[in-house]
Amino acid sequence: MKIDGRCHCGFITFEAEIDPEKVWLCHCTDCQTLSGSAFRAVTSTRKGAFTLLSGEVKTYGKTGSSGARRCHAFCPECGSPIYSTSESDGPKVYNLRVGTIRQRWELAPRAQIWCRSALPWTTDIKTQQRFEIEPDLRL
């Protein structure tokens, strides 16, 4: 599937070819911290199937619990996370952040990974109150 996306401010734009069956939620503690949320929705693409159309990403290197180094790429203007990839010499796989993809409505996650780190309330999210707009829930 051909997709395109952008960061929040539009400085970074990209396109890629992905398999829409390979979308997942990652519950690892790095994704929780780096996304500022309970999990991150991700899909993957390979080098040659990902093209940065505008802007230049800034990167941050992080050693994961496995000992492998990951390069996290984000917009230097607005901070939107765009992708992560390994820093190794092997074949490059880009894990794209679904929230930056214009076709995200079509990309339903098929699996969840690193569930041992999942926050317990994420397993029963359907039972929580739902609102069409932001209600005033502040203190």
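Below are the figures for this structure:
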item	result
222 nm mean residue ellipticity, helices alone, for the chain (DSSP H n ≥ 4; -39,500 (n - 2.57); rounded to 500)	-1500 deg cm²/dmol
Residues with amide H under 5 Å from that of residue 82, placed H, sequence gap 5 or more	73, 74, 75
Distance from region 1-34 to region 66-139 (C-alpha centre basis), Å	8 Å
Karplus 3J(HN,Hα) series, Hz, for region 115-126 with 6.51 cos²θ - 1.76 cosθ + 1.60 (x for Gly, Pro)	5, 5, 9, 4, 5, x, 6, 6, 7, 10, 5, 5
Loop-located trypsin sites (Lys or Arg not before Pro) in region 17-106 whose Cβ has at most 12 other Cβ within 10 Å (DSSP)	47, 102
Label point distance in nm, residue 8-residue 112, each placed 7 Å from Cα along Cα→Cβ	2.6 nm
Neighbour cut-off at most 16 other Cβ (10 Å), DSSP loop, GluC sites (Glu not before Pro), region 1-64	21, 56
Relative contact order of the chain, defined on C-alpha pairs under 8 angstrom at six or more residues apart (%)	29 percent
Cross-link reach list, lysines versus residue 58, counting only Cα pairs under 28 Å and skipping chain neighbours closer than eight places	2, 22, 47, 92
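Taken together, the values in this text are just the output of simple stated rules run on the coordinates, not laboratory data. Quick caveat, the model's predicted, so the values are computed rather than measured. No Cβ is skipped: glycine too gets one built from the backbone with ideal geometry, and neighbour counts run over all protein chains shown.
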